[in-house]
Amino acid sequence: MEIKRRSSVIGSCSFLLVLLLSGVGFSASQPETAAAEATTDRLALLSFKALISDDPSRALESWNTTSLHFCRWRGVTCGNHSGQLRVTTLELESLALAGKISPSIANLTFLQRLHLPQNQLQGPVPQELGLLSRLQHLNLSYNSFRGTVPTTIANLSSLILLDLSYNQLVGAIPHNLSSELQYINLSNNTLVGGIPDNLRSLSKLKLLALSGNNLTGNIPPEIGSLVNLTVLDLSINNLEESIPLEIGNLISLKAVYLDYNKFTGVIPGSIGNLTSLVWLQLSQNQLTGAIPRSLSHCSELQYIFLGNNMLEGEIPSDISSLSNLKVLYLWNNRLTGSIPPEIGNLTNLTNLNLYSNRLEGSVPREIGNLVGLREVLLHDNQLTGSIPSEIGNLVNLRTLALLINGFVGTVPPAIGNLTSLTYLGVSMNNLGGIIPPSIWNLSSLRTLELQSNQFTGSIPPDMGITLPLLEELDINDNQFYGPLPISLSNATNLNNIQLYENRFTGTIPRGLGSLQQLFHFDVTYNQLEARNAAEWGFLDDLANCSSLKYLQLTSNNLSGFLPQSIANFSNSLMWFEIDDNNIAGSIPAEIGNLVSLTSVRMKSNLLTGGIPAALGSLAKLQIIDLSGNRFTGGIPATLGNLTKLTELQLYSNRLQGPIPPTLGNCPLELLDLSFNQLNGTVPKEILSIPTLTRFLNVSYNSLAGSLTPQVGNMKNIGQFDISGNSLSGTIPRTLGDCQQLDSLDMAGNSFQGSIPSSFSQLKGLQSLDLSRNNLSGLIPEFLGNLKFLSYLNLSFNNFEGELPKHGIFTNLTAFSVLGNSKLCGGVQALNLPPCPTPSSSKRHLSRKLVAAISVAGGIICLILLLSLFGIHRWMPKSNKEAHADGIKVPHMMVTYAELLRATNGFSSANLVGVGSFGSVYKGLLNYEEYQLVAVKVLNLQQRGASRSFVAECEALRNVRHRNLVKILTACTSTDYRGNDFKALLYEFMPNGSLEKWVHPEANEQGQTRALSLIHRLNILIDVASALDYLHHHGPEPIVHCDIKPSNVLLDHDMVAHVGDFGLARFLNSNPVEASQRSSTSMIFKGSIGYVAPEYGVANKISVEGDVYSYGILVLETLTGKRPTGETLKDDLSLPRYLEMALPERVAEIIDPNLLLEEGEEPNECTRDRAMERLALSLKIGIRCAKESPPERMQLVDAINELTAIRNAYLELSKQGRRTQLRDEDPVLD
C-alpha cells in the first residue's frame, strides 16, 4: 500500500510539473497533429472501457467525465512527448474487471507499461498488442484469457517483462522473442509443444517460468547460454529425457524448479557449479542414480527437494558442508544405508523428510544438534534400534513421524520436552512399555498416533486436561488397560477417538457430550462395562454430540437394557454398532427418527420384542444386522421400502410368519433369515432380486411348497442355502442358470426326482449338499467334471446305478453317498457292490457290433490318412509357418527352441505370472529392437486356451495405442515331445502388474512398495485412455471383458498398459464372425467382482461392461480393497461400501500404502487437499460402477475429470509448499 500511495503521489506531482514547465496544459496553441494524437489516446481508453462488462469497484467511473483530463483517470499515467501528454502506463490491478481488451489499445502508441493482473478479463489476447513498439512491461496474469499467445509479441523489440501466467492460453510458445527480455512468465496455462531452442538470443533473461503447462520434449542444451538467469521454473509439465549438463553453465541461478515432469537419467554433476543456488526442486520425476557429491559445492543452498524419484545409493555424508541448508526432502526414493551422523552439522535445518526409502540402522544421536528442526519425517523405512533421546533437544519440533519402521524399546521421556509438538506418530513399530508421563503433558499435541505396537499401562485420568488441543487420539491395537480417562471430555477439540483392540475396563466416562466436533467414537474389542441405567449414561451424553456419525461399541461387556435414548441421537448419526455384547431390552420405535442411519448392527445380544416397523422409514439404510438375538413376531413388510438396503441379516432369532414379498424391492446383495421359525413359501419376489450376489440363506425354518423357476433369476448369486426346511417337488432346472454359484445347500428337505442336467453349467461350484431328500435316478457323470468341486454330499437319498470314478469321486474325504442302497461300482475303496453285467446274448450281439464298427473305422482312418498325405504334399511350407492356426501375426514368428533358450527352459526363476489360460515368463531374446520380452505360454489342456490365443491375436494385431500392451509376435509349433505349443510374445513390462502395487507383498525386510496419489491417477487415466481407444477409435470396436489390476502392466516409466485380451470381443461382429473370434462359449465369463452385473442376466457384451470393470479398478486402486474378499467391512460390495463412507471417512477407506505428494503427509493442509481429490476420484469410480449401464459415466468424461483432479492437486501441492517455505524465508522478491 505504501508503494502504491507513493507512486500515486509521484505521478500527480509529475503531471503538475509538466504543466508548469512546459506550459502545455490544454492550450489551443499546440499543433493540431499533437492534439489529434492526444485525442486518439483518449478515444483508445474509452474504447478499452466500452468492452469492460463489469466494474464492481467502479474503478473506471471517472473515465467518462470531460472535465477531468484522461491523464488523471484512475490507472492512467502520461508522459510529455513533443510537448503533448501521451499515455505511457495503464495499470489496473486486482479490480475484478470483467470483459475483453479492446484492439484499440494499440492506438496508445507511447504505451510502455500495460499492467492488468488479477482481474476477470477474458477472450483472446489481441494480436494488435504487437503494434505497441515502445512497450516494455506486459502483465496480463491471473485472468481468463483464452486462445494462443499472439505471435506479434515477437515484434515488441523493447519488451523487458512478459507475464501471461494463470490464464487459459493454448498453443505453442512464440519463437524469436525480444532479445531485451529479462522476465518471461507463461506459467499455469495449457501451452503445448517444446521449449523454443533459440533461447541463446535471450542473453539478458533473468527469469524463465513456464510451469503448469503441457510442454513436452526435452530442455534444449542452448539453455546453457542464459548466463544471467536467476530463476528457472519448468515444473508441472511433461518434459522428458535427461537434465542437460549445460545447466551447470548458469552460474547466476538462485532457484531451479523442474519438479512434476518425466525427467530420467542421473542428476548432472555439473549442478555443483551453481555456487549461487539457493533452491533446488527436482521432485516428482524419474531420476535415477546417486545424489551427486558435487552438490556439496553449492554452498548457498537452503532448499533441496529430490523426493519421489528413483534415486539410489546412500545419502552423501558431505552434504553436511551445506551450512545454510534449511529444507532437505529426499522422500520416496530407493535410498539405502544409514542416516549419516554428519547430518548433525546442518544446524540451520528446519525440515528433514526422508520417509519411504530403504534406510536402515539407527537414527544418529547427532540429530539432537539440529535445534531448529520443525519437521522430522522418517516413517516407512527400515530403521531399527531405539528412538534416540536426543530428539528431546529439538525444542522447535512440531511434527515427528517415526511410524512404519522397526523401532524397539520404549518412547523416550525426553520427547516430553518438545513443547511445540503438534503431531507425534510412532505407529506400527515394535515399541512397548509404558508411555512416559511427559508425553501426556505435551499440551500442544493435536494428533497422537500410537496404534499397532505393544504399549501397555493405563491412560492418565487427567489426559483430557493435559492435552487440551488434542483432535485425534489413535491408540488402538495395543495392550493398554485400566479405565478410560475420566477427563476425556475436557479435550473439546477431539473429533476422532480410536481406542479399539486394547484391554480397557470399567465404564465409559460421562460428559462426552461436550465433544461437539466428535464424529467417530470406536472402543470395540475391549472389556468395557455398562450394567444399569447410570452406567449407560454415556449414551445420553453422546446423543448431544451433534457431529457424531460413527458409534462403535462392539465386543465389550455391555449388558443391562438398551437405553431408549438411542432415539435421541443427532440426525447426523450414520453408523450404530453394538454387536457381540450382552445387551437386553428392545429397539425403540423412535429409532425411525435417525434419518441419516446407513448401518444398524446389533447382532449377538439378548434383545427381544419385535423388529420395529419404523426401520422401514430410514431411507438411507444399507445394512441391518440383528442376528443372534431373541426377536419375535414377523419381519416388517415396511423393510421393503428401503431402496438402498444391500445387507439384511436376521438369522438366529425367533421370528415367525412368512417372508415378506416386499423385500424383493430392496437391492439386496446378502439376505440371511436362517434359524428362525418362518413359514410359508420362498417368495418368487425374493428369488427375482437381480442384485443378490453374495448370499441367500433361508435355512432351518419351516418353509414349505416347491422352489419356483424364478430361482434362475439369481444369475450372480454366490451362495444359496435352503437346507433344513420342508420344501418339496423337483429341483428346478433353472437353478443351473445361477452360474456364479460356488456353494449350494438343499439338504434336509423333501425334493424328488433326479439331479437336473443343467447343473453341469455350474462350473464354479465348490460345495454341493443334496443330502436327506428323496432324490432318485443316476448320479450324473458331469459331477466328476466340476473341477472346483471340493465337497459333495448326496447321502440319504434314493440314487441308484453306477457311481462315477473320476473327479471328486476319487477323493473319499470329499464326498458322501451314505444311505443310497442301490448304488454300485465306484472306486474300490468304497466297497460298493459291483454293477450287474449284461446277459450272454447281449454280449454276443455286442461283440458283433464291436467287430463291425472296428472294420468300418479302420477303412475310414485309412482314407483320411491318404487324404492328409496328399494335402501335406501340396501345401506350401511357408504358408504353414506364416499362418499356423489361421492366425495372422505382425512379424516373423519365433520357434519353440528359441523360446526355450530365452526363458532358460521355462524355468520357475523366469516365471513372472500365472493367468487363466497360461503362464508368463521373462525371456532374453534379441527380437528386433527388443531384448527383454514377456512370453505367454498357453496351457492347451485348459478349456478355452486355444480360443484365447486366437482372440488375443485378432484383438491386438491391428490396434496401436501407447497404453495397450504391444504384441510382438507368436509361436505356434510343437515341443520336443510332439505336443502342440502356442505362445505369444509381448514387450516386457519391468514394473509388473498394478495388482502387485495395489496389493504389495512385503520383501525380506518386511517393507512394501507403494504408489503415490499422482502415480495412481496417472495409471487410471492411462487405462481409461486405452479403453476409450478400443471402444471408439480403433479399427473395430473391441470390448476387453476382463479389466482388473492384474491385467494392467506398468513399464519402466510407470506408464500403464492394458493387456490380456483372451476374453476380448469384437463389438460389431456378425454371429458367424463372433463364433469364430470369441475366446469363450456363448456364456460369458469374466473375473468375479469385476464383471458387470448385466452380463450374468443377458450374456450380451457392451462397452458399458468395460466401464463397470474400470469403475471397480478405480476404487480398488485408490483404496487397496479387493471387490471380493474379507477386507470389506461387513461384506459390503466395494462401490456401496465406499459410497456409504464418502465424503466423511475418506481418510479411513483409502489405501494405507497410498503416499501423498511433496512429503507432507502429516501436514493438515496437504492432507485435506489430498482427501478432497481422493473423494472426487472415488466418486468417479462409483459413477462408473453403477448397477444400471445407462447411468455409468462415459470414459472420455472420466479421463477429463481425473486429469483435472490430478492437475489441480499438483498445482495446489506445489503452490502450498512453495508459499509456506517462502513465507518462512523468501529467496526472491
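A few points about this structure:
- Between Asp462 and Thr810, the modelled labels are 7.5 nm apart [label points 7 Å from Cα along Cα→Cβ].
- 14 Å cut-off, amide nitrogen to a point 7 angstrom out along Gln677 Cα→Cβ, residues in region 628-644: 630-635
- Exposure proxy order (Cβ contacts within 10 Å, fewest to most) of Val395, Val950, Val933: Val395, Val950, Val933
- Projected label distance in nm at Ser702 and Glu1191, using a 7 Å step from Cα toward the beta-carbon: 3.9 nm
- Taking other residues whose beta carbon is less than 11 angstrom from the beta carbon of Pro990, and scoring Lys, Arg as +1 and Asp, Glu as -1, yields -2.
- Segment Ala567-Asp1053, extension gain: residue separation times 0.36 nm, minus the distance between their alpha carbons: 169.4 nm
- Computed from the C-beta positions of Thr39 and Ala172 and an R0 of 30 Å, the FRET efficiency is 0.15 to the nearest 0.05.
- For region 514-658, the mean projected area of the C-alpha convex hull, equal to one quarter of the hull surface, is 7.6 nm².
- Loop-located GluC sites (Glu not before Pro) in region 358-449, at most 13 other Cβ atoms within 10 Å (DSSP): none
- Tally of Lys pairs whose C-alpha atoms are under 21 Å apart, taken over region 681-836, 8 or more apart or cross-chain: 7
- Subtracting the Cα-Cα distance of Ser276 and Ser514 from 0.36 nm times their residue separation leaves 80.1 nm of extension gain.
- Peptides ranked, highest mean first, by Cβ atoms within 10 Å: ranges 316-324, 203-211: 203-211, 316-324
- Checking the cross-link pairs Lys1121/Lys1186; Lys966/Lys1179; Lys1044/Lys1179; Lys49/Lys206; Lys603/Lys996 against a 27 Å limit on the alpha carbon distance flags Lys966/Lys1179; Lys49/Lys206; Lys603/Lys996 as lying beyond it.
- The Cβ shell under 11 Å around Cys824 holds other residues with a net charge of -1, Lys and Arg each +1, Asp and Glu each -1.
- Label-reachable residues, region 496-519, where backbone N falls under 20 Å from a point 7 Å from Arg531's Cα toward its Cβ: 503-510
- Among Met1054, Met746, sorting on how many other beta-carbon atoms sit within 10 Å of each Cβ, with the fewest leading, yields Met1054, Met746.
- Each peptide in 233-243, 902-912 gets a packing score, the mean of other Cβ atoms within 10 Å over its residues, and the list from highest to lowest is 233-243, 902-912.
- Taking a Cβ cut-off of under 14 Å around Thr419, the surrounding Lys, Arg, Asp and Glu residues balance to a net charge of +3, with basic ones at +1 and acidic ones at -1.
- The order of the peptides 417-427, 48-58 by mean Cβ neighbours within 10 Å, most packed first, is 417-427, 48-58.
Bear in mind that the values in this text are calculations on the coordinates, not laboratory data. As the structure is a prediction and not an experimental result, all values here were calculated from the model. So basically every Cβ, Gly included, is an ideal-geometry build from the backbone, and we count neighbours across all protein chains shown.
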